[in-house]
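Just below is one structure, and these are the notes that go with it.
Read-outs: derived from the displayed coordinates by stated rules, not from any lab. These numbers come from a predicted model, not from an experiment. So basically every Cβ, Gly included, is an ideal-geometry build from the backbone, and we count neighbours across all protein chains shown.
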Amino acid sequence: MNTAVVLYTSDLRLHDHPPLRAALSSCDRVVPLFVRDRTIEDSGFAVPNRLAFLADCLADLDAGLRERGGRLVVRSGEPVAEVCALVREADADEVHMAAGVSGYARAREERLREALEAQGRRLYTHDAVVTAVAPGAVLPTGSGAGHFAVFTPYLRRWTALPQRAPAPAPRRVRVPEDIGSEPLPRRDAVTGTSPGLARGGEREARRLLTHWLRSGVTDYEDTHDDLAADATSRLSPHLHFGTLSPTEAVHRSRAVGGPGVEAFVRQLCWRDFHHQVLAARPDAAAADYRPRHDHWRTGPAAEEELRAWKDGRTGYPVVDAAMRQLRHEGWMPGRARLLAASFLTKSLYVDWRTGAAHFLALLVDGDLANNQLNWQWVAGTGTDTRPNRVLNPVRQGMRYDPEGRYVHRWVPELADLAAPRVHEPWRLPEPERARYDYPPPLVDLADALGRFRQARPGAAPVGVP
């Protein structure tokens, strides 16, 4: 009997999984493998929220495989060494995996390919597993650029590109019995997680998608920025860990149809857009994509303001609500992320890398492509064509939380303060203001706008209502 290894990375599912389907079609037996990469775990990227969610995902993947006669094999160490050792142990002829999209993933892929070829084995990589459209599959014409730097033209090309049909989960997976595995990691063994952290796993991802397509997506275009309504899909952690296929999400959404669906699919396209940018420019994970020659604020005052921002004590209720939701759930809606990031980078003029690192320390869906490039978009150092736009947290709060319910939920000390005053508690008369255990604003917004104009060379900030 011939044997293949399927190396799982950011694709922890059975439905619409091209590497697994290919391995099953070419070999009699398959070893589904997940390697706990010590390099990642030691780097600080493997934070409690993502480790706990990962444990859920691996347990669910193992359960799904066992229902089909198989099981998941877990090993720990350096991935290339562990895969090569397992290949020898199982006498496998080939290894299948999703094609990498990050610089680290592609480098790991090349090391593995070379190591396997030295053993006389083959590595097969499969595109459009982690993303709906592979980075590099859509390229601008006539410019000589290796990627799209502006979203709208990318969206047009992405939308017109035919996508493969999603594949069903296999009915049976035969795994060699003599291949040993480490115990699966357990969620309850992870300490320091957010109290409201969501559950992981493919079953939960598919339940959420089905519910979303039945009852949420049709209104998405009108409600996705409504902070109190919580009218987003909450699928981003599952897309990050690959418990949900982005290709299947696009196909199933389009089958529903309507303007809400198109708005949702546009968000899936944004995810692919960021991945293709980072694939072409891996340095953008830490360096300005478009340098603005900023001189970000540092020193004791900036550090104190940064701590207040992290703790949700800036004095601007909608920003504080966003930061407290992040700490409690390890997640926040897109509009809240924009507001929190704009306040740090534009109003406080603190380096976007500092904010991005804090988000990555808590976000269950945190990955380099979406987190770093969204931060750069807000900071004006990324792909935004209006790099000096500044989001006013008061006006944004009144617009996207008009009744103050989002603030009431996450800033309970202001729960009995009605809108619109809840968005400007510092305007209350002194006797009334003293009743609330809530700080004054860190900075006057007009002063912050002027400071930003002076600090960023050539900037002419555009205030956004």
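Identify, among 223, 339, 235, the residue whose Cα sits farthest towards the positive end of the charge dipole of segment 209-354, taking +1 on the Cβ of Lys and Arg and -1 on the Cβ of Asp and Glu, with the dipole about the Cα centre.
235
Take every DSSP beta bridge with both residues inside the chain and express the antiparallel ones as a percent of the total, to the nearest 5. Walk me through the numbers before you get to the answer.
Working: 0 of 23 bridges.
Approximately 0 percent, going by the DSSP bridge assignments.
How big is Rg to Rh over segment 259-317, alpha-carbon atoms, Rh as the Kirkwood inverse-mean-distance radius? Let's see the in-between values first.
Working: Rg = 17.5 Å, Rh = 15.1 Å.
When Rh is taken as the Kirkwood radius, the ratio is 1.16.
Magnitude of the Cβ-charge dipole of segment 167-302, K/R +1 and D/E -1, about the Cα centre, nearest 20 debye? If you can, show how the numbers build up before the last one.
Values: 19 positive and 18 negative charges, 73 e Å.
Computed about the Cα centre, the dipole is about 360 debye.
State the answer as a single residue: which of 439, 1, 130 lies farthest towards the positive end of the charge dipole of the chain, with beta carbon charges of +1 for Lys and Arg and -1 for Asp and Glu, about the Cα centre.
130
How would you order 310-322, 70-82, 415-427 from highest to lowest mean count of nearby Cβ atoms within 10 Å? Numbers along the way, then the final one.
Details: 310-322: 24.1, 70-82: 18.8, 415-427: 16.2.
In decreasing order of mean packing, 310-322, 70-82, 415-427 become 310-322, 70-82, 415-427.
Students often check this: by mean Cβ neighbours within 10 Å, which of 373-379, 113-119, 218-224, 53-59 ranks highest, and how do the rest follow? Let's see the in-between values first.
On the way: 373-379: 24.6, 113-119: 13.6, 218-224: 17.1, 53-59: 22.4.
Descending packing order for the listed peptides: 373-379, 53-59, 218-224, 113-119.
Going from the alpha-carbon gyration tensor of the chain, what semi-axes, largest first and in whole Å, does one get by taking the root of 5 times each eigenvalue?
42, 23, 21
Multiply the residue gap between residue 214 and residue 76 by 0.36 nm, knock off their C-alpha separation, and tell me the result in nm, one decimal place. It would help to have the intermediate numbers written out before the result.
Working: separation 138, 0.36 × 138 = 49.68 nm, distance 4.00 nm.
Between residue 214 and residue 76, full extension yields 45.7 nm more.
In debye, nearest 20: dipole of the chain around its Cα centre with unit charges on the Cβ of K, R (+) and D, E (-)? Show your work: numbers first, answer last.
Working: 61 positive and 59 negative charges, 162 e Å.
I would put it at about 780 debye.
Along the charge dipole of segment 300-464, Cβ charges K/R +1 and D/E -1, which of 410, 420, 306 sits furthest on the positive end?
The residue sitting farthest along the positive end of the dipole is 420.
Please express the Cα-Cα pair-distance distribution P(r) of segment 38-144 as a list of whole percents, one per 5 Å bin, running from 0 to the bin with the greatest distance.
Cα pair-distance distribution for segment 38-144, in percent: 2, 9, 14, 18, 23, 18, 9, 4, 2, 1, 0.
To the nearest 10 degrees, how steep is helix 202-215 against the longest Cα principal axis of the chain, on a 0 to 90 scale?
Approximately 50 degrees, to the nearest ten.
Sort 254-264, 236-246 for me by packing, meaning the mean count of neighbouring Cβ atoms within 10 Å per residue, highest on top. Intermediate results must be reported in sequence, preceding the final value.
Working: 254-264: 15.7, 236-246: 25.3.
Most protected by this proxy first, the peptides run 236-246, 254-264.
Could you work out how far helix 151-160 tilts from the main Cα principal axis of the chain, as a 0 to 90 degree angle to the nearest 10?
Around 40 degrees separate the two axes.
Once you keep just the Cα pairs under 8 angstrom separated by 6 or more residues, what percentage relative contact order results for the chain? Write out the running numbers ahead of the final one.
On the way: 807 pairs, mean separation 79.1, N = 465.
Across the chain, relative contact order equals 17 percent.
If neighbour count is taken as other Cβ atoms inside 10 Å, put 179, 40 in order from fewest to most. It would help to have the intermediate numbers written out before the result.
Values: 179 17, 40 14.
The most exposed by this proxy come first: 40, 179.
How large are Rg and Dmax for segment 300-464 when only the alpha carbon atoms are used, in Å?
15.3, 48
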